[in-house]
């Protein structure tokens with residue numbers, strides 16, 4: 001494939017995230033060819049651009065062919081993180097939600113090819129590769145319960161919903177069986193993950209994103225009626241709330257067994273916490289304390305939203321940057337809080353959640369790359385101190401799951417309108 005000269009953009013934003021100026025900056029890049037799908041004829045231009053970005057992120061060659069890059073580096077004009085497999089399930093779900101059936105199912109079938117089929121970790125995935133100076137090779141691969149749950153709930157079960165092909169449900173149940181067998185302790189504590197370099201479990205700390213494991217348990221209970229999933233959900237969410245939720249309503253970023261927890265007010269982590277509480281609030285019988293915690297968390301999230309619609313990477317530090325990843329994820333879970341019937345939020349709070357979600361989506365739309373000649377076109381990008389997370393901090397980056405959450409939030413609000 002030839003390397004065309006394409007337009008990146010140099011952009012100036014106000015403190016509240018409003019685009020003030022934009023000008024092209026030519027950069028060379030080699031692109032993987034991506035076939036176009038049928039798509040939904042009712043999609044708006046911003047939705048079509050968001051889908052186009054996801055299609056551009058699909059990997060056309062190499063060991064991860066058929067999966068998607070996790071991120072677009074706006075400064076280097078290149079995709080990054082091909083090994084962050086855990087992000088692929090949400091992309092498949094977004095494709096399917098917008099009628100791009102071939103792309104969504106092809107992505108899911110590739111995920112099935114990567115699922116471990118035998119041995120101790122049957123049902124799991126190698127979900128990511130992390131740079132790690134402590135490792136002999138300088139990096140390590142992880143098999144992680146929360147990421148396996150995320151792939152199964154967001155990806156495989158969306159495939160089952162779209163096709164009713166039992167193989168997707170069976171693969172999701174295999175992932176859940178591995179989590180219940182290896183990853184979830186009797187107390188309800190989820191283990192961080194299994195490091196392949198040292199062949200050992202890590203479970204003396206836990207990241208707040210463990211919260212999204214709850215979605216797999218509630219969805220499988222609804223589909224199968226099996227009580228073991230309801231039991232796992234209650235044990236896990238109960239432990240999670242007890243150890244992550246602080247008296248102020250915020251959540252720790254990292255829980256540590258030695259008590260030295262990471263208190264950094266991490267905006268995106270509150271989206272993962274909200275996913276856990278929304279799942280927990282739907283579980284029968286209704287738990288009043290769960291409803292109280294859900295309301296308190298929503299109040300914190302709404303209070304911390306900027307007037308522009310965004311959330312900072314850190315609630316307490318504007319200099320950390322307006323975070324597209326946090327804003328899109330929170331837009332989605334707020335849309336669910338506004339529209340779902342499985343919990344007892346009053347109409348006033350539901351209305352506030354809907355308004356905040358719409359405002360967040362407006363901010364995201366303003367952060368889309370608008371130059372159709374740019375290979376990052378349609379990506380929802382922002383600069384944060386976190387940057388691309390692994391070894392590339394303080395850069396402007398667009399993550400595929402920001403686009404996916406953006407699309408799914410819009411779909412959720414349309415269903416609830």
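The values are calculated or read from the model by the stated rules, or taken from the named source; none is laboratory data. As the structure is a prediction and not an experimental result, all values here were calculated from the model. Cβ coordinates were reconstructed from backbone atoms using ideal geometry, including for glycine residues, and neighbour counts include every protein chain displayed.
Give segment 204-249 a look and list any residue that's surrounded by fewer than 16 Cβ atoms within 10 Å (Cβ to Cβ) and either in contact with a strand residue (DSSP E or B) (Cβ under 9 Å, 6 or more places away or on another chain) or without any contact (Cβ under 8 Å) to a residue 24 or more places away in the chain (or both), or say none.
So the first thing to find is which residues in segment 204-249 are surrounded by fewer than 16 Cβ atoms within 10 Å (Cβ to Cβ), and the list is 204-205, 222-228, 231, 242, 246-248.
Answer for segment 204-249, where residues must be surrounded by fewer than 16 Cβ atoms within 10 Å (Cβ to Cβ) and either in contact with a strand residue (DSSP E or B) (Cβ under 9 Å, 6 or more places away or on another chain) or without any contact (Cβ under 8 Å) to a residue 24 or more places away in the chain (or both): 204, 205, 222, 225, 226, 227, 231, 242, 246, 247.
Residue-by-condition table, conditions (1) touching a strand residue (DSSP E or B) at 6+ places or on another chain (Cβ under 7 Å); (2) surrounded by fewer than 24 Cβ atoms within 10 Å (Cβ to Cβ); (3) on the phi > 0 side of the Ramachandran plot:
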residue	(1), (2), (3)
321	yes, yes, yes
343	no, yes, no
364	yes, no, no
377	no, yes, no
394	no, yes, yes
402	yes, no, no
407	no, no, no
414	no, yes, no
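Are any residues in segment 343-367 more than 22 Å from the chain's Cα centre (by Cα) and not in a helix (DSSP H, G or I), and if so, which ones? So that I can check it myself, show each step before the final result.
We begin by selecting, within segment 343-367, every residue more than 22 Å from the chain's Cα centre (by Cα); these are 343-352.
Of everything in segment 343-367, those that are more than 22 Å from the chain's Cα centre (by Cα) and not in a helix (DSSP H, G or I) turn out to be 343, 344, 345, 346.
Take the residues in segment 35-60 that are part of a loop (DSSP other than H, G, I, E, B) and modelled with pLDDT of 95 or more; name whichever of them is surrounded by the most Cβ atoms within 10 Å (Cβ to Cβ).
First, pick out the residues of segment 35-60 that are part of a loop (DSSP other than H, G, I, E, B): 35-44, 57, 59-60.
Then keep just the ones that are modelled with pLDDT of 95 or more; that gives 57, 59-60.
Working: 57: 28, 59: 17, 60: 13.
Among them, the one singled out is 57.
Does residue 198 satisfy the condition of being outside any strand (DSSP E or B), surrounded by fewer than 16 Cβ atoms within 10 Å (Cβ to Cβ), modelled with pLDDT under 95 and out of contact with any helix residue (DSSP H, G or I) (no Cβ under 7 Å at 6 or more places or on another chain)?
Values: outside any strand (DSSP E or B): yes; surrounded by fewer than 16 Cβ atoms within 10 Å (Cβ to Cβ): yes; modelled with pLDDT under 95: yes; out of contact with any helix residue (DSSP H, G or I) (no Cβ under 7 Å at 6 or more places or on another chain): yes.
When the stated conditions are applied, residue 198 passes them.
Quick check on segment 387-417: of everything there that is more than 15 Å from the chain's Cα centre (by Cα) and part of a helix (DSSP H, G or I), which residue is modelled with the lowest pLDDT?
416
With respect to the numbered conditions (1) closer than 21 Å to residue 308 by Cβ; (2) touching a residue at least 60 places away in the same chain (Cβ under 8 Å); (3) buried (at least 18 other Cβ atoms within 10 Å of the Cβ); (4) out of contact with any helix residue (DSSP H, G or I) (no Cβ under 9 Å at 6 or more places or on another chain), which one is the sole condition not fulfilled by residue 388?
(1)
Does segment 252-264 include one or more residues that are within 24 Å of residue 87 (Cβ to Cβ), without any contact (Cβ under 8 Å) to a residue 12 or more places away in the chain and under 21 Å from the mean Cα position of the chain (by Cα)?
Narrowing segment 252-264 to residues within 24 Å of residue 87 (Cβ to Cβ): 252-255, 262, 264.
Add one more test, that the residue is without any contact (Cβ under 8 Å) to a residue 12 or more places away in the chain, and what stays is 262.
Retained after the next criterion (residues that are under 21 Å from the mean Cα position of the chain (by Cα)): 262.
Yes, because at least one residue in segment 252-264 is within 24 Å of residue 87 (Cβ to Cβ), without any contact (Cβ under 8 Å) to a residue 12 or more places away in the chain and under 21 Å from the mean Cα position of the chain (by Cα).
Checking the conditions here, which among 81, 90 is closer than 25 Å to residue 393 by Cβ, modelled with pLDDT of 95 or more and either touching a helix residue (DSSP H, G or I) at 6+ places or on another chain (Cβ under 9 Å) or buried (at least 21 other Cβ atoms within 10 Å of the Cβ) (or both)?
Values: 81 fails: modelled with pLDDT of 95 or more.
After ruling out the rest, the residue left standing is 90.
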